[in-house]
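Here the structure comes first, spelled out in structure tokens, and everything after it is commentary.
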Amino acid sequence: MAFCADCLAYVRDVDAMFRENGRAWANHQFFRYALDKSCRGQLLIRGHCPQYRRRFREQPGRYMTQLDRPYEACRAIAACK
């Protein structure tokens with residue numbers, strides 16, 4: 001359960017970065033930056049974050065469009081059931 005909850009929090013943080021910078025929605029480089037920057041604190045300490053980041057980086061075009069739907073994004077990388 002914590003694995004799913006951590007993923008949801010991580011995706012919300014990444015989405016918040018995109019919302020703060022409204023012009024970056026199609027920018028894959030910004031997506032990688034947001035994934036890296038959001039991987040901090042308890043997410044990093046628990047060790048889940050590097051796994052999420054690695055999975056989201058595999059298909060950035062697919063996952064960037066799911067940021068506003070955190071549960072779907074986390075299901076897509078098999079972090080939530």
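Please treat every number below as a calculation from the coordinates, not as lab data. These numbers were taken from a predicted model, which means no experiment stands behind them. Note: ideal-geometry Cβ built from the backbone for every residue, glycine included; neighbour counts use all protein chains shown.
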Calculate, in nm to one decimal, what Cys4 and Arg46 gain on full extension: separation in residues at 0.36 nm each, minus their alpha carbon distance. 13.9 nm
What order, most packed first, do the peptides 7-20, 26-39 have when packing is the mean number of other Cβ atoms within 10 Å of each residue? 7-20, 26-39
